[in-house]
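Peer 1: Below is a structure I'd like to ask you about.
The values are calculated or read from the model by the stated rules, or taken from the named source; none is laboratory data. Predicted, not measured: the structure shown is a model, and the values here were computed from it. Don't worry about glycine lacking a Cβ; one is built from the backbone with ideal geometry, like all the others, and counts go over all protein chains shown. What goes into the accessible areas is simple: the full protein's heavy atoms, side chains included, and nothing from ligands, DNA or RNA. Shrake-Rupley method; radii C 1.70, N 1.55, O 1.52, S 1.80 Å.
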Amino acid sequence: MTKRAAAVAACALTAVAGLSACGSSGPSNELTWYINPDGGGSDPTKGGQAQIAKECTDAAKGEYSIKIQLLPNSASDQRQQVERRLAAGDAGMDLMSLDPVFVAEFAEPGWLAEVPAQYKDKLTEDAVKPIIDAATWKGKLVAAPMWANTQLLWYRKSVAQQAGIDMTKDVTWDQLIEAAQKTKKTIGVQSKLYEGYMVWINALIEGAGGHIIAKNPDNAKTMELGLDSDAGKKAAEVIKKVSSSGVGGPAMGSLDETNAVSLFTNPGTSGFMLNWPYVWNAVPAANKEIGADMAFARYPQTVAGQPSKPPLGGIEVGVNKASTKQDKAWKAIQCIISPEHQKLYMLKSGNPAARKSVYDDPEVTKAFPNGLAAMIRTSLDEGAPRPLTQYYGDVSTAIQKTYSPPSSVSSSTPGAAADLIKRVLKGEALL
């Protein structure tokens, strides 16, 4: 069965299950927006994308209305569901929220509509550069930046003080591991076999001055990988040290973002955590005492004296090339990613805005106090994206598998991952 045939079959099964059917485009003014879960769910009063859809529908006064469809929780499952519909030419999906790393993969076969010239400046105005870069494929803007994410180092002030580590200055992973060992506390990381582990590995390699893909990311035959390098080996050394020292916790190989928060909010293990800014609200909600003791710092350095490259994430909003309502979709996106809605989304969901000006808003600086708003913006500007390539799914999956579990990581792991990626791209190995 071909990839396209498989996608059509998947759509048929989805329709049988009672969900939106492939090819059904609904009333002429109705747009369907596939959104990722953001805490607001499908409730138009909870400050998530569902509320933005409702407010834009109201503001459009009948020109268009936006119906939402909720995608699965994990980025991998979101990718799979959106890919199936795009590959099948499903006109029932007009708009979609995309993890930035999937933009290239979906743009390469022509599944995403290019942003019309008259909207390009307005949709990218004042946005941080990495999130614009991620919305661009082969020189064409194919999505609109909605929000941009980055990871910070979260820590308990009392634990850092006990460890004697100065968190007002840049810290290294080695210093962090030593501090956790000294205080018998943990470092919450994301290292189960999923996309979050790829986020960590990429940040470590970029922080050491390397890149997972060194050259030719858009050509499977000539692509040059940078995994088996000094930077790749330094990154592997950090993972091995976190695992072997025990500071990653007894179940380090099953940690995702949620489990890292659980580790951090457990008084017996709470010390340090790498995670996205949503934890600023999530931790106090889970443990008020630990929330009051929590502070933040820039992402740790892989190499002492070399600026860290914090992870980047976020959401781009794309328009399905198969949509018959593209004009209305682009008008709707202008409302969805307006500065007012990016501010609302950041205040309500904790997900950082893509537009820089939002970080100077008094309500935002109050909600993200003590320099947190400025720290997030700096981290976004100076972070490093994961590889932009249409082969991202293969590259990420191969790396996740090779580096799992983290206790198995050694100096030979980067070379093994590079070898697997090459064989997969040549069709000589399966994932």
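Peer 1: Filter the stretch 67-104 down to the residues that are more than 22 Å from Gly40 (Cβ to Cβ) and within 15 Å of the chain's Cα centre (by Cα) and list them by number.
Peer 2: Val101, Val103, Ala104
Peer 1: Can you name the helices (runs of 4 or more DSSP H) wholly within the stretch 85-168 that have at least 3 residues being acidic (Asp, Glu)?
Peer 2: It comes to none.
Peer 1: Farther than 24 Å from Ala160 by Cβ, of a type outside the set (A, V, I, L, M), under 23 Å from the mean Cα position of the chain (by Cα) and open to solvent by 10 Å² or more (accessible area, probe 1.4 Å): is that true of Asp230 in this structure?
Peer 2: The answer is no for Asp230.
Peer 1: While we're looking at this one, here's another question. If a residue has to be modelled with pLDDT of 95 or more, hydrophobic (A, V, I, L, M, F, W, C) and in a helix (DSSP H, G or I) to count, how many in the stretch 31-84 make the cut?
Peer 2: Number of matching residues: 7.
Peer 1: Okay, next question. Mind telling me which of the residues Lys46, Lys67 ends up being over 12 Å from Leu95 (Cα atoms) and basic (Lys, Arg)?
Peer 2: Criteria check complete, one pass: Lys46.
Peer 1: Only residues that are touching a strand residue (DSSP E or B) at 6+ places or on another chain (Cβ under 8 Å) and either assigned to a helix (DSSP H, G or I) or small (Gly, Ala, Ser) (or both): list them for the stretch 304-322, please.
Peer 2: Those that are touching a strand residue (DSSP E or B) at 6+ places or on another chain (Cβ under 8 Å) and either assigned to a helix (DSSP H, G or I) or small (Gly, Ala, Ser) (or both): Ala304, Ser308, Gly313, Gly314, Gly318.
Peer 1: So, in the stretch 32-67, of the ones that are of a type in the set (A, V, I, L, M, F, W, C) and in contact (Cβ under 8 Å) with a residue 60 or more places away in the chain, which residue ends up surrounded by the fewest Cβ atoms within 10 Å (Cβ to Cβ)?
Peer 2: It comes out as Ala59.
Peer 1: Looking at the stretch 106-137, which of the residues that are touching an Asp or Glu at 6+ places or on another chain (Cβ under 8 Å) and modelled with pLDDT of 95 or more is surrounded by the most Cβ atoms within 10 Å (Cβ to Cβ)?
Peer 2: Ala135
Peer 1: Additional query: It is to be established whether one or more residues within the stretch 246-259 are of a type in the set (A, V, I, L, M), in a loop (DSSP other than H, G, I, E, B) and in contact (Cβ under 8 Å) with a residue 60 or more places away in the chain.
Peer 2: Yes, the stretch 246-259 contains at least one residue that is of a type in the set (A, V, I, L, M), in a loop (DSSP other than H, G, I, E, B) and in contact (Cβ under 8 Å) with a residue 60 or more places away in the chain.
Peer 1: Related question: Taking the stretch 189-240 as the search range and keeping residues that are of a type in the set (D, E, K, R) and assigned to a loop (DSSP other than H, G, I, E, B), which one is nearest to Gln78 (Cα to Cα)?
Peer 2: Lys192
Peer 1: Give the residue, chosen from Asn320, Asn275, that is under 30 Å from Glu178 (Cα atoms), of a type outside the set (Gly, Ala, Ser) and open to solvent by less than 30 Å² (accessible area, probe 1.4 Å).
Peer 2: Every option except Asn275 fails the conditions.
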